[in-house]
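Here the structure is laid out as structure tokens; the discussion comes afterwards.
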Amino acid sequence: MYGDDAKYIMIRNDGKGYDEPIVFPVTMDHSFVARRMVREDLGDKIVSAGKVNSRLCCHGESVSLKIKSRKEDTSIMLRAFGTDEEDMGMRMN
């Protein structure tokens, strides 16, 4: 339905003051990536997770982490990749 190209985890580190996405292949589990990339000892926490398509639209959820995507994830993903909704021909509500 969405043409999923990848999965993602959105990490927040309150010391940094913003959320950062980690994008990885659909063949990997969210929990596998989280165990290797999230540094709870440094204040990292997972705030959302799901799937992302080639237009950087985020949706869905992670069953293994029991967490859903959020509305703002697409905007965060677009900024992380140096673009915005207008560049992608999108209108975000």
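Bear in mind that the values in this text are calculations on the coordinates, not laboratory data. None of the values given here were measured: they were computed from a predicted structure. As a convention, Cβ positions derive from the backbone with ideal geometry for all residues, glycine included, and neighbour counts pool all protein chains shown.
Rounded, prolate or oblate: pick one for segment 1-83, where a ≥ b ≥ c are the square roots of the eigenvalues of its C-alpha gyration tensor, a/c under 1.5 means rounded, and failing that, prolate if a/b is larger than b/c, else oblate. It is oblate, given that a/c is not under 1.5 and a/b is not larger than b/c.
Could you tally the net charge around residue 30, taking each other residue with its Cβ under 12 Å from the Cβ of residue 30, Lys/Arg +1 and Asp/Glu -1? Spell out each step's value before the answer.
Numbers: positive: 7, 35, 36, 51, 66, 68; negative: 29, 61.
Here the charged neighbours net out to +4.
Charging the Cβ of each Asp and Glu at -1 and of each Lys and Arg at +1, and nothing else, the dipole of segment 4-80 about its Cα centre rounds to 80 debye. Computed extension gain for residue 29 through residue 70, at 0.36 nm per residue and net of the alpha carbon distance, reaches 12.9 nm.
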